[in-house]
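Peer 1: Attaching a single structure in structure tokens format; questions to follow.
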Amino acid sequence: TLAANSVKLRTAAIRVPGLYGEGDPYMILGMLEQLKKGQNKFQVGDNKTNKEFVYADSCVLAHILAAKALLEGREGVGGEGFLISDGEGGVPMYGFLRKGVST
């Protein structure tokens, strides 16, 4: 995608981490199923590695803003990759999966 960027075709890559939000059939439902089955009691590793997540609406907004910037021909957008997140700096994976759950 980035290599295809040219005067005739403006491109950008939105690099999306784990998604969550309303209507998500994978992340939240999967977490709830694991909780229901008691599968959240085990973890592999020390939970020190942080993982980024982004709310689905924020991901949509990032795509809209990138498309708008490409159409307007803004400098520094075409041919670039953008990492998006909720801006929390990442959270431990198991911390996110157990968020709001007392174990």
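The values are calculated or read from the model by the stated rules, or taken from the named source; none is laboratory data. Everything numeric in this text was worked out from a predicted model, so none of it was measured. Methodologically, a virtual Cβ is constructed for each residue, glycine included, from the backbone with ideal geometry; neighbour enumeration extends over all protein chains shown. Surface areas here come from the heavy atoms of the whole protein model, side chains and all, with no ligands, DNA or RNA. Shrake-Rupley method; radii C 1.70, N 1.55, O 1.52, S 1.80 Å.
Peer 1: Could you check region 44-83 and list, in sequence order, the residues that are open to solvent by 60 Å² or more (accessible area, probe 1.4 Å) and either on the phi > 0 side of the Ramachandran plot or in a helix (DSSP H, G or I) (or both)?
Peer 2: 57, 60, 61, 63, 64, 65, 68, 71, 72
Peer 1: Now for a separate question. What's the number of the condition residue 27 fails, among (1) surrounded by fewer than 15 Cβ atoms within 10 Å (Cβ to Cβ); (2) modelled with pLDDT under 85?
Peer 2: So residue 27 meets the others, but not (1).
Peer 1: All but one of (1) within 16 Å of the chain's Cα centre (by Cα); (2) assigned to a loop (DSSP other than H, G, I, E, B); (3) at pLDDT 85 or above hold for residue 3; state the number of the condition that does not hold.
Peer 2: (1)
Peer 1: Which one is modelled with the highest pLDDT among residues in region 91-103 that are surrounded by fewer than 15 Cβ atoms within 10 Å (Cβ to Cβ) and of a type outside the set (Ser, Thr, Tyr)?
Peer 2: First, pick out the residues of region 91-103 that are surrounded by fewer than 15 Cβ atoms within 10 Å (Cβ to Cβ): 95, 99-103.
Within this subset, residues satisfying the condition of being of a type outside the set (Ser, Thr, Tyr) are 95, 99-101.
Working: 95: 75, 99: 66, 100: 53, 101: 53.
Looking at residues that are surrounded by fewer than 15 Cβ atoms within 10 Å (Cβ to Cβ) and of a type outside the set (Ser, Thr, Tyr), I get 95.
Peer 1: In region 1-27, which residues are within 29 Å of residue 91 (Cα to Cα) and of a type in the set (D, E, K, R)?
Peer 2: Once the filter is applied, which keeps residues that are within 29 Å of residue 91 (Cα to Cα) and of a type in the set (D, E, K, R), region 1-27 yields 15, 22, 24.
Peer 1: While we're on this one: Look at region 6-16 and say how many of its residues are surrounded by 14 or more Cβ atoms within 10 Å (Cβ to Cβ) and within 19 Å of the chain's Cα centre (by Cα). Please lay out each step first, then the result.
Peer 2: First, the residues of region 6-16 that are surrounded by 14 or more Cβ atoms within 10 Å (Cβ to Cβ): 10-14, 16.
Still in the running and within 19 Å of the chain's Cα centre (by Cα): 12-14, 16.
Residues in region 6-16 being surrounded by 14 or more Cβ atoms within 10 Å (Cβ to Cβ) and within 19 Å of the chain's Cα centre (by Cα): 4 in total.
Peer 1: Does any residue of region 36-53 turn out to be touching a residue at least 24 places away in the same chain (Cβ under 8 Å) and among the aliphatic types (A, V, I, L, M)?
Peer 2: Checking region 36-53: not a single residue is touching a residue at least 24 places away in the same chain (Cβ under 8 Å) and among the aliphatic types (A, V, I, L, M).
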